[in-house]
Structure formats: structure tokens, C-alpha cells
Amino acid sequence: MKTHLIIALVLVSTFTFAQNSEEKFEIPKNQWIVGGIINFNSQNSESEYESSNSDSNQTSLFIKPDIGYAIDSNLVIGLMPGFNILNFKHDGSNDEYKSNGFSIAPYIRKYFAISNNFALNVQGEFMYSYQKNENIYANSGTNFTSESDRNSIFIGVKPGLTYSLTNKIYLNANLGSIGYYSDKSENNEGIVSKSNNFNLSLSSSDLYFGVLVLL
């Protein structure tokens, strides 16, 4: 709760300062922008017990390109496709979890100048995502597999901060999201679960960094 409150106060203060600032941060009209986010992680864990050891391995990859076009000064429309994959294996039991999916998100993003190099941005978007999950239980020797498909929709706003390293290269940080989520999942046994909610998520776990390049 404290983290949410601190980030919210920072955003409100930043927005107020941006409205009154005479400094000029500008992404020019008719400018193409490319960039995005990429995150790769490979992790090995080992646990020691009195009679045995247990190892686990996890590999994940997240890619989300950003392709945009400035229809006006500091106003960009664009598209963000995404791809992710996760594999987790427990060596002791040979149990395994696999997940892969994709997303597509058209957006409109407005930049509010704070200084020559710094700006608050607010992004409105519609995002659809699909995720396929697979649990393989091999410990019993039956090799039982549980699968599920998940479809999600998000409609809302994502605040962020942008800093220009040069007049062509920008660092961008997404600070969370505010909006409507709809989620539906179905497993291989035909069990369906649905959820719909309006959610405010502003925390350090939702902090993402990316790079944008002006062409």
C-alpha cells in the first residue's frame, strides 16, 4: 500500500510540474519510433536435504517490440506485439512446467514535457493476449499432463516516464496500469474459469524498462 501511495504521489506531482514547465521535450511530428522491451533469464536452484539433493532449472524469455508514428508533436500512435516463453523443470521429480504466449496491443501515447530530456507519458491501449500452459507430472511414472489455454483482454491506461539519452535514443519506463481486465481459461478437462475486474496496479513489480529509437 505504501509503494502504491508513493508512486501515485510522484505521478501527480510530475504531471503538475509538466503542465507548468517551460522546458521543451519534443518528439517531432511525422517521426517513426521503434524499440521495445526484451528480458531473458536463466536460473538454477539447488536444495540440500539430509537424505537427498534437489535441483531445479528455469528459463524465461520476454520480447515486446514497439513500433510507433508521431501524428503530432509528442503524440504517438503505434502497435506493440509481444512474445513470452517460460520453462521450469524439477530434476528430482522430473516434473516440468511450460508456458508460451503472445500479445498484440495498439496504442496512443502522449508525452508531457518536464525538462529538455525528461517527460511523463500516458498510454491508452487495447491489448489481447493468449497463453498456453502445460504441467507435466512425471514423479508417479504415469507422465500425466495437464494443459490449459488462457485468453485475456486489457483496456486502459499505462503511465510511464521517458528520458532522452540523445536526440535519437530514449529510455522508457512503464510504471503499471489502470484499466479493465477480462480473462478466460479452459483446461484439457473442459473446466472453464472467467474473471472480469477493474484494477489499479502501481508497484515496483510492474516496473518495466525499454529503449526507443527515432528513425
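The values are calculated or read from the model by the stated rules, or taken from the named source; none is laboratory data. For clarity, every value in this text was computed on a predicted model and none was experimentally measured. Every residue, glycine among them, receives a Cβ derived from its backbone with ideal geometry; neighbour counts consider all protein chains shown. These area figures cover heavy atoms from the full protein model, side chains too; ligands, DNA and RNA do not enter into them. Shrake-Rupley method; radii C 1.70, N 1.55, O 1.52, S 1.80 Å.
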Check your understanding: Which values, in whole Å and largest first, are the semi-axes of the equivalent ellipsoid of segment 103-215 obtained as the square root of 5 times each eigenvalue of the Cα gyration tensor?
Key -> 38, 17, 12
Point to revise | Solvent accessible area, Å² - Lys158, 1.4 Å probe, full protein context | key: 30 Å²
**Study point:** Loop-resident sites, segment 111-183, for trypsin sites (Lys or Arg not before Pro), counting at most 15 other Cβ within 10 Å (DSSP)
**Key:** Lys168
**Study point:** Formal net charge of residues neighbouring Ile191 (Cβ-Cβ distance under 12 Å; K, R +1; D, E -1)
**Key:** -2
Study note, to complete from the structure: Within the under-11-Å Cβ sphere about Gly36, not counting Gly36, Lys/Arg +1 and Asp/Glu -1 give a net charge of 0
**Study point:** Summed side-chain charge close to Gln123 - residues other than Gln123 whose Cβ falls under 11 Å, Lys, Arg +1, Asp, Glu -1
**Key:** +1
Point to revise | Solvent exposure ordering (accessible area, 1.4 Å, most first) of Val211, Val76 | key: Val211, Val76
Check your understanding: For labels at Asn30 and Ile85 in the simple 7 Å Cα→Cβ model, what's the distance in nm?
Key -> 4.2 nm
